[in-house]
Amino acid sequence: NGGDGYALVRQLARSGVCAEPATPFARERHGPDALLQRTVLERLGYVVLEDPAVALGADLVVDALLGTGASGELREPLRGWLARLDGAECGRRVALDLPSGLDCDNGAAARHTFRADVT
């Protein structure tokens, strides 16, 4: 639930790729793993953005927002965040674990489920 995404930003940066972390979730909404990974990034000088517009025009957008335990319709602020990304012009879309908004138990997709090219 975000921790993998923050860790991926570090790995991409180590490989020379410019990566910008962004999330609709405030620090206090993170679980322990995501909070640890976010803290590491911030100590490295990264600013975690809170606007999905950072994805517009990006070569790669990675969804690491929700994990496999998510189900049902999306709630704010995630619903609005993914609605802005839905149909936005950006490069390849990759989902870690599974696309946010997709229920892994029954395959039901919430409105504005992240539309991944690759999972």
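For this structure, a couple of remarks:
- Local electrostatic count at residue 64 - Lys and Arg +1, Asp and Glu -1, tallied over other residues with Cβ under 10 Å: -3
- Among the listed values [x] 22, 20, 12; [y] 22, 17, 13; [z] 19, 16, 13, the one computed from these coordinates for semi-axes √(5λ) of the Cα gyration tensor in Å is [y].
- Taking the stretch 37-75 and a reference point 7 angstrom along Cα→Cβ of residue 14, the backbone N atoms nearer than 15 Å belong to 37, 40-41, 44.
- An oblate overall shape is assigned to the stretch 57-119, the ratio a/c of its alpha-carbon gyration tensor axes (a ≥ b ≥ c) being 1.5 or greater and a/b not exceeding b/c.
- Among the protein heavy atoms of the chain, carbon and sulfur supply 49% of the accessible surface, probe 1.4 Å, non-protein parts ignored.
- Förster radius 25 Å - calculated FRET efficiency between residue 49 and residue 105 (Cβ-Cβ, nearest 0.05): 0.20
- Label positions at residue 36 and residue 115, each projected 7 Å from the Cα along the C-beta direction, are separated by 3.7 nm.
- Residues of the chain: accessible area per residue with a 1.4 Å probe, Å²: 58 Å²
The values are calculated or read from the model by the stated rules, or taken from the named source; none is laboratory data. Remember, predicted model here, so these are calculated numbers, not experimental data. Heads up, the Cβs are rebuilt from the backbone with ideal geometry, glycines too, and the neighbour counts pull from every protein chain shown. Just so you know, the surface numbers come from the protein's heavy atoms only, side chains and all, with ligands and any DNA or RNA stripped out. Shrake-Rupley method; radii C 1.70, N 1.55, O 1.52, S 1.80 Å.
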